[in-house]
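What follows is a short report on a single structure.
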Amino acid sequence: MNVTELLADLQTRHDEATARAGELRDQIEHFTAALTETEACLADLATARKVIVELAPAGTEPDPPESNSAYQAIVNAFNQPAPRPGVPGP
């Protein structure tokens, strides 16, 4: 392989890597938008749940979430109020 062929091969590989990097950037942009939309939906759902719980008649327990997935457990954990120092828990 002479220098000209080597340089041509390097340019081809560079062009391919540049194209792949562009594809990955496009995917990241798409995933970022989808994540932002999904997080907003989760926040809306948490707000709706909080409002419903607050408006429910006293003494009634809200129905437990239907999903028992690990993901749902994490979401539920984040929806719990943070403990405050010096204030006894429920």
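The values are calculated or read from the model by the stated rules, or taken from the named source; none is laboratory data. All figures in this text were calculated on a predicted structure; none of them were measured in a lab. Note: accessible area is taken over every heavy atom of the protein model, side chains too, but ligands, DNA and RNA are not part of it. Shrake-Rupley method; radii C 1.70, N 1.55, O 1.52, S 1.80 Å.
Each row is one residue, and each column tells you yes or no for (1) modelled with pLDDT under 75; (2) open to solvent by less than 70 Å² (accessible area, probe 1.4 Å).
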| position | (1), (2) |
| --- | --- |
| L6 | no, no |
| R25 | no, no |
| A33 | no, yes |
| D44 | no, no |
| Q80 | no, no |
| P83 | yes, no |
| G89 | yes, yes |
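For A48, state whether it is modelled with pLDDT under 95 and part of a helix (DSSP H, G or I). Yes; evaluated as a whole, the condition is true for this residue.
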